[in-house]
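This report refers to the structure that appears directly beneath it.
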Amino acid sequence: MRAQRAKTTILVCAGAALAAAGVSAPVSASSAPRTRPGAAVVDCAENPQVRPGTFMLACGDGNNVLTSLRWSRWQPQSAVAEGRDMVNDCRPYCAAGHFHSYRVRVRLDEPQHRPGHPGQWHYTRITLTYPADRPADTPRVVTTRLWN
């Protein structure tokens, strides 16, 4: 009984303080709106990026990078851009290869909590859609998981 009275007193005082400050508080935790902070895409150096102009897909060797990205949407559930996919043909081998540029649509989605970073969300899946030419042996639509 004493614990309940103390809890009630604290809640009443907190509510009065918020009212005095001109801020409204939700009646209960279950009535609070569930909002998700914006998600980011994590780059090769493990830095979160929002609306990056370039994004490395091949972190190990740098032979595939998205460039000239123009984001038309960046929302908590997904992000969409158009740009160029710069791909090294690695012929006769990657160090002697040539980069080729392809128009691409990019979609980031499936946001999840970022491990080890409380409160941060990151996209975990990327879909590339090639509306015209595309790299050899590459389907028109490619969907893959992003690293953490």
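A few points about this structure:
- Cα-based shape type of the range 75-148, given that a ≥ b ≥ c are square roots of the gyration tensor eigenvalues and the cut on a/c is 1.5: prolate
- Neighbour net charge for T124 - beta-carbon separation under 13 angstrom, K R +1, D E -1: +2
Any read-out appearing in this document is the output of simple, stated calculations on the displayed coordinates, not a laboratory observation. Since the model is a prediction, treat every value here as computed from it, not as a measurement. Virtual Cβ from ideal backbone geometry, glycine too; neighbours counted across all protein chains shown.
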